[in-house]
Amino acid sequence: MCRNVPLLFLDLDDTLLDRAGAFRRWAGEFLDEIGAPQDDLEWLVALDADGLTSRWDVADAIRDRYRLRVSSLDLVEALHQGVLDYLQLDRLVAGALRIATDAGWVPVVVTNGSTEQQEAMIKQTGLDRYVIDWVISERAGVSKPNPRIFALAAQRVRMRLHGAWIVGDCPETDIGGAAAMGLPSVWLHRGRRWVEPRFRPTYTVDGLLAALAAVMDAPPMSRPRGGGRFQPYPAR
Ligand SMILES: [Mg+2]
């Protein structure tokens, strides 16, 4: 039996948690540790590409640039652990999730990435206490923007996709996923301009607090009324 309450799909990296900030802090400390100039920070941040570059490729590039005598495996471990060490759940984000939950929303994390890494991020920050469930692409066997990962997430919490919202910072995977299913979405712009011509987010905001406020304030008519599950959501 499906419950008739709104489902809220939330991206993890740079939506619920400030992964970019954590990487930046780790990278700054790492450069100090190996005696490299802080000017290299932007190079490292670009190399990381918000975690999209394979950790092995990042480790190899760092080893080559600084001629480090450390194994790739150790460096990959340091990259994983470094980000985890600096990740924190913003108390305001935790509070906003609680308010959304009290208002009847069901927050579920849908994230692309490795099961071990993403689950560590969710549990070590205490985020697991503020969301109902999470689905990670590696374990699910399907990644965003494929609608199947969202369908799977809905199934796990025994809810319908109808009326769900998607919140995330990635145009392609988060907002593209919403567009593929005809669901409304909120894009966290992180200082970027929207350039994707094929679809648009329902709302564009500067952070998760504004995103949750937008979702909770949205008039019911901005929620899709059935049909068009795989049509792009109209631009506003
Ligand atoms: Mg993200």
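Just a few scattered comments:
- Scanning segment 180-210 for residues that are among the hydrophobic types (A, V, I, L, M, F, W, C), closer than 14 Å to residue 9 by Cα and away from the ligand (no atom under 12 Å from the Cβ) gives 181, 183, 186.
- Residue 29, sole failed condition from (1) over 19 Å from residue 191 (Cα atoms); (2) surrounded by 15 or more Cβ atoms within 10 Å (Cβ to Cβ); (3) of a type outside the set (Lys, Arg): (2)
- Residue in segment 144-155 that is basic (Lys, Arg), buried (at least 19 other Cβ atoms within 10 Å of the Cβ) and in contact with a helix residue (DSSP H, G or I) (Cβ under 8 Å, 6 or more places away or on another chain) present: yes
- Taking the conditions (1) crowded, with 18+ Cβ neighbours inside 10 Å; (2) closer than 15 Å to residue 175 by Cβ; (3) modelled with pLDDT of 95 or more in turn, residue 192 satisfies each one other than (1).
- Of 15, 53, all but one fail to be exposed (fewer than 15 other Cβ atoms within 10 Å of the Cβ) and polar (S, T, N, Q); the exception is 53.
- Of all residues making up segment 164-179, the number that are charged (D, E, K, R) and within 10 Å of the ligand (Cβ to nearest atom): 2
- Any hit, segment 119-135, residues being surrounded by fewer than 22 Cβ atoms within 10 Å (Cβ to Cβ), under 14 Å from the mean Cα position of the chain (by Cα), within 20 Å of residue 205 (Cβ to Cβ) and within 16 Å of the ligand (Cβ to nearest atom): yes
- Pair list, Cβ < 7 Å and 6+ apart or interchain, from segment 207-218 residues that are within 12 Å of residue 100 (Cα to Cα) to residues that are surrounded by fewer than 24 Cβ atoms within 10 Å (Cβ to Cβ) and hydroxyl-bearing (Ser, Thr, Tyr): 214/203
The values are calculated or read from the model by the stated rules, or taken from the named source; none is laboratory data. Just so it is clear, the model here is predicted, and its values are computed rather than measured. Virtual Cβ from ideal backbone geometry, glycine too; neighbours counted across all protein chains shown.
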